[in-house]
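Read through the structure below, which is laid out as structure tokens, and then see the notes.
The values are calculated or read from the model by the stated rules, or taken from the named source; none is laboratory data. Note that the structure is a prediction, hence the values are computed from the model and not measured. No Cβ is skipped: glycine too gets one built from the backbone with ideal geometry, and neighbour counts run over all protein chains shown. Side chains included, ligands, DNA and RNA excluded: accessible areas come from the protein's heavy atoms. Shrake-Rupley method; radii C 1.70, N 1.55, O 1.52, S 1.80 Å.
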Amino acid sequence: MRVEIWSDIACPWCYIGKARFEAGLAAFAHRDGVEVVHRSFELDPNAPAATDVPVLDMLATKYGVTREQAEAMEARVAEAAAGEGLDYRSDRIHGNTFDLHRLLHAAAAHGVHHTLLDAFYRANFAEARTLGDPAVLREIAVCAGLPAEEADRVLADPGAYAQEVRADEREAAELGATGVPFFVIDRRYGISGGQPAEVFRQALERAHADRPVLVPAADGAGVCGDDGCAVPGK
């Protein structure tokens, strides 16, 4: 069984949804036979690479709300993250994630994709590091196991792994994904949003039994799309 997950490092529900999926997978009896593949998806491909825009300011502008309301939205997401044992900071900087996705494809070629993805999520949401800084990206990538010379090559060449990122994004569009996280099991079954762990376990069970399943994002299952990130209770 193969599970493909389209996500963006800037997406809080991808961060939370990954933890929930992994909990559901851990409870799945046939988990050793599941291959997990992470795919690229940019929520804001037009964002500048180097930026100093705080996430709270971006949210206030995106939703047309006050900064206080944006803080309340982030507090609810932080609560959901805490429920999964995840650290979450709201003093992050909003920016372009294309270079991160290119590095993730390079990491996949070197067998350290999962490690680097976790490191990027942690750096963004738990540590609020400046991911628009190439030096920071290089440090994180090398610490995750990507050879330094490969990290340098990718960061120096904007075309490195660009086609792979764009191919992932085209596939997402062809599959009808308009937001992330988006989970696809064996290219036959789809799950949208940061669903509870039990939903993922049940979906894996159904897919294993070869019964079609489509679980759209429901109330309480966060998802990030072109219009921003849905917040339960908003």
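Details
- Extended-chain gain in nm, criterion 0.36 nm per residue less alpha-carbon gap, R122 and E205: 26.9 nm
- Relative packing of peptides 147-159, 188-200, 93-105 - highest average C-beta neighbours within 10 Å first: 93-105, 188-200, 147-159
- For the stretch 2-210, the share of accessible area belonging to carbon and sulfur comes to 49 percent (1.4 Å probe, ligands and nucleic acids excluded).
- Over the stretch 84-223: Kirkwood hydrodynamic radius from C-alpha pairwise inverse distances, Å: 16.8 Å
- Accessible-area rank, largest first, for R92, R201, R2: R2, R201, R92, with all protein chains present and a 1.4 angstrom probe.
- The relative contact order of the chain, computed from alpha carbon pairs under 8 Å that lie at least 6 residues apart in sequence, is 30 percent.
- Note on exposure: C14, C229 ranked by accessible area (1.4 Å probe, complete protein assembly) read C229, C14, with the most exposed listed first.
- Accessible area per residue, Å², the chain with all protein chains present, probe 1.4 Å: 46 Å²
- Spacing of the modelled spin labels on R76 and E35, each 7 Å from Cα toward Cβ, amounts to 3.9 nm.
- The chain - Debye-derived log10 I(q)/I(0), Cα point model, q = 0.15, 0.17 Å⁻¹: -1.02, -1.30
- Each helix, a run of at least 4 DSSP H residues, gives -39500 (n - 2.57); summed and divided by the residues of the chain, these come to -14000 deg cm²/dmol at 222 nm.
- Theoretical gain in end-to-end length, D152 to A27 [0.36 nm per residue, Cα-Cα removed]: 41.1 nm
- Accessible area (Å², 1.4 Å probe, nearest 10) - V142: 50 Å²
- Any cysteine of the chain lacking a neighbouring Cys Cβ under 4.7 Å - listed by number: C143
- Kirkwood-Stokes translational diffusion coefficient of the stretch 105-158, alpha-carbon pairs, 10 °C, 1.306 mPa s, µm²/s: 144 µm²/s
- The accessible area of R67, taken with all protein chains in place and a 1.4 Å probe, comes to roughly 100 Å².
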